[in-house]
Structures are given as structure tokens and as C-alpha cells.
Amino acid sequence: TRTAVVTFSCGNNLEATVNVTVTGALGNQISVDDIYSATQGTEVETSGLVVGISEKSFVLSDETGYILVYRGEDATEAGAAIGDQVTLKGKVGKYGEMVQIVEPITITKTATGQDVEYPDTPTVINADNISTFDISKSSYIQMTGTYNASGEHHNIVIEGTQVQGSISYPVDDLGLSDLQGHNITVKGFFAGGNNSSFRNILVVDVDDLGEASIDAKTVQEVIDTPSGLVETSGTVMAICEQGYIIADNTAAIFVYKGSKWEPNVKIGNKVSVFGTRAEHNRGPQISSPTDEITDASTATPDYGTPVDLTAPESFSNYQFSKSEYVEYTGTLTSGKYVSVDDATMQGAFYHCVDDYSALNGKVVTVRGYIVSYYESDNNYPDAWNTIVVSVEAEPYVSAGNVTVDASATSATVQVSSNT
């Protein structure tokens, strides 16, 4: 219940006073700011002005703030245009730490072509604050960095930080197709941080600052680069389901292509790679890459002598700082874990393309490239994630028992061997 007093004055000495008392429910619609304190899954109704769009979402604004309206992974358009006044219904959800409105959504346009004004001073996101600014709400922000598009990813590489900006499902009108490798300033609305590596922005304005100057580096120079866009070349040494190892005469590094990667290179190919120097679980890598095969040879590369980790103490105490060609021995379980006797660590086949489950329970010698350190839970030891080059077992033969019906005229025995 709320009260107020309205006074009407007429002339010098005439007044009429109205006491106002407001009671009852507020009604169905709530403000944008109220949505941020609502429980996830709550169905809400609100209204406001559309101030930004992507291919799968739009940003709604009222006098209390901004909120992202996400229409779903299968959406191909925003469902509204900048300048539309809309009323909508949807559920409260979260992406990372940011509250948003998620599908299913009923959108009703009440006006179109309304004027849209943006704040004169957006919050500038840079290397100093990209890891610490408020990611629980959508706000009007600005980023400056080098644009690097790779597949469905549209990243803004900010000098001096491993955390990247990522343009959220950009519309064609932004003109990004001609800006690969350019320094750009973008303004728009914070659209969530899916992990510690990315801060998404729904962009409404792009300013081209010109092509960035990027010199080719050796692989070791890439590893020594703390952050930023890099270009290098080398030989493909090993492949997994999420990328590949390249090496030159200075070092080796993992090129991370992502879970939707369909291999476009083969072991032995010579490639040039352009992407972002990143790090995952202590492992240096090149992320969001674009690559080109410069020599399609598939001759077996010269791997050299592996780092010998066959002793349990060597395996447990390995000082991992970059991908190296290593060798270790242990018992294979679950087709992908190698238990090294008396070691505090285990080996783990990292998104392996081959099935080694036939070797379960066998002592195997693994050669490959460690790409990251996996800190496990209490059920398993910590692990060295390894992109496999070869898995060799000691000579064995095994056969399964069979039960044969008296009336049968034949039976099949399953026998496996590596000899």
C-alpha cells in the first residue's frame, strides 16, 4: 500500500487536497530491473524499447535498465528490430552469471521506428577490467581489439589479457566480413560470459581502426607471447577430435579447433596458422584459428626422442609448461586412462580419434603430446591430457569362453591379439 497527496491551487487562496491511496496487486508487467531479482524459471511479462539485435537475441530497455532476450539456439533472426516498442512474455534464465529472458517468448510489437539513444559514455572494457567488471547484468559497453573470425566465432582479441571479447551472433549489417585482422572498436551490450575466457557483446556499432600488423613467429615465440593474435607455421604432428599439434624446429603447440571441428588437415601436412594465443589448464594453445595447408605431404614426421616419463617419479613430477613429445607406460582402463604404477598422476587420452578399448587391462606404452593438466575430482587421480601418436601393448592373445548348445553345428570364438 502506498499513499500520496495531490494539491490543486487556484488563485491566491483556493486549494483542494486529494489524498491518494494505492492498494492491491501491481499488475502483470514488471520492470527490467525487477527481472534481475526474479527466480530462475519464473514467467514474467515486461515491455520496453528494442535497442540492439543479433541473429538470436535482442536487448530490451526501459527506464530501469537493459536485459537480453534470447530466442534460442535454433533462432535465425532477432524477432524484432531496433526501434520497436514491444511487450513480451518469457522465462527468467541465466547464461554464465548474467540473468536474461529465455524462450519460449511471446513478442507483441506496440510501435515501430522509435528513436533510440545510447549513453554518451559506455563502460570501456580493456585488459585491466575485463576479468572483473559486473557480468550479472547487461550494460552498455565498449571494447577495442583485433577482430579474429573463425567458423562461428567472432572474437575481439584485447592486448594484454587472455580473456577475449566475443561478438554475439552478429548481423550482416555490421560489415564484419571485410574486417578480419583489423583493429576495431565496438559498442553494444554485454551479452554474458560463458566461462573465464570470453566476454560476449551484442554489437550495435563498429569502428574500423585499420589492419593490424602481425608478424609471423616461430612456435616457441608464440608460446612466449602472453596474449594477442599470432601467426606461425609448422608440421601437423598429431590429431585429436578437437584440434591438432603443429611443430617446427623450435617447439610444438596445440591448435584448438573446437568440438564441432571436422578435420581439414592430416598428419604430415605443412600448415600456416593465424589465431589467438590462449591457455587452457596450464597448456599454451592457439584458439579461434584460421589455417591453410601449404604442403599436403602426409609423410610420417620426425618425432625425435620422446621425453622419458616411464619412471613413476618422472611421470608424477613432470614440469609441464608446453606441449612436448613424451612416452609413458601403464595399464589402460576405460579405453582412455593409463594408470602408471606408484604415480600420483594418470595419463588421459585427449579426445582421441581411435578406439583403444580392446587394450583395456593391458600394459601399454603411450607416445604423444601432453596438452594440458587435468585437475580431477576425488574419484580419479589428476591427469596429463595427451594427444596420442601411438599406443603399443606388450604381446598378448585373449579369447572369450563360449557355451554351445548340444544341437548346434558350429560356434564362434572371439579372439584378439596384437601379435
Mind putting a number on the dipole of region 288-403 about its Cα centre? Charges go on the C-beta only, +1 for Lys and Arg and -1 for Asp and Glu, and I need it in Debye to the nearest 20.
-> 260 debye
Candidates Ile156, Ile125, Ile214; GNM for the chain (alpha-carbon contacts under 10 Å) flags as most fluctuating Ile214
Relative contact order for region 112-198 using alpha-carbon pairs under 8 Å, separation at least 6, rounded to a whole percent?
-> 32 percent
Region 281-321 shape via C-alpha gyration tensor axes, a/c threshold 1.5 | oblate
In a Gaussian network model of the chain with springs linking alpha carbons closer than 10 Å, the residue among Gly193, Gly283, Gly400 that fluctuates most is Gly400
Packing rank of 52-63, 225-236, 12-23, where each peptide gets the mean count of other beta carbons within 10 Å, highest leading = 52-63, 225-236, 12-23
Based solely on its DSSP helices, what 222 nm [θ] is calculated for the chain when runs of n ≥ 4 H residues each add -39,500 (n - 2.57) and the sum is averaged over all residues, nearest 500 deg cm²/dmol?
-> -500 deg cm²/dmol
Which net charge results for the neighbourhood of Thr64, defined as the other residues with beta-carbon distances under 10 angstrom from its beta-carbon, given Lys and Arg at +1 and Asp and Glu at -1?
-> -4
Counting Lys and Arg as +1 and Asp and Glu as -1 over every other residue whose Cβ sits under 9 Å from the Cβ of Val326, the net charge comes to -2
Between region 65-109 and region 355-407, the Cα center-to-center distance that results, in Å = 47 Å
Net charge over other residues, Cβ less than 12 angstrom from the Cβ of Glu97 (K, R count +1; D, E count -1) = +2
Here are some pairs, Lys94/Lys187; Lys56/Lys260; Lys217/Lys260; Lys94/Lys322; Lys336/Lys362; which of them have Cα atoms lying more than 24 Å apart in this structure?
-> Lys217/Lys260; Lys94/Lys322
Reachable aspartates and glutamates, given that their alpha-carbon falls under 16 Å from the alpha-carbon of Lys137 and they are not under 8 places away in the same chain = Asp33, Asp34, Asp62, Glu63, Glu97
Evaluate the relative contact order of the chain (contact order divided by residue number), counting alpha-carbon pairs under 8 angstrom at least 6 apart; express in whole percent.
-> 8 percent
If you build the Cα gyration tensor of region 317-419 and take the root of 5 times each eigenvalue, what three semi-axes come out, in whole angstrom, biggest first?
-> 34, 14, 11
Just need the relative contact order of region 31-148 here, percent rounded to a whole number, with Cα pairs under 8 Å and 6+ apart.
-> 23 percent
Residues in region 58-79 that a label on Glu152 would reach, taking backbone N under 13 Å of a point 7 Å out along Cα→Cβ = 72-76
Rough spin-label spacing in nm, given labels placed 7 Å along Cα→Cβ, for Asp224 and Asn281 = 2.8 nm
Taking the Cα centre of each part, how many Å lie between region 151-180 and region 317-346?
-> 37 Å
Please identify, among Asp115, Asp84, Asp248, the residue showing maximal mean-square fluctuation in a Gaussian network model of the chain using a 10 angstrom Cα cutoff.
-> Asp115
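We did not get these values from a lab; they are worked out from the coordinates using the rules stated. Because the structure is predicted, anything quoted here is derived from the model rather than measured. Here Cβ is always computed from backbone atoms with ideal geometry, including for glycine, and neighbour counts include all displayed protein chains.
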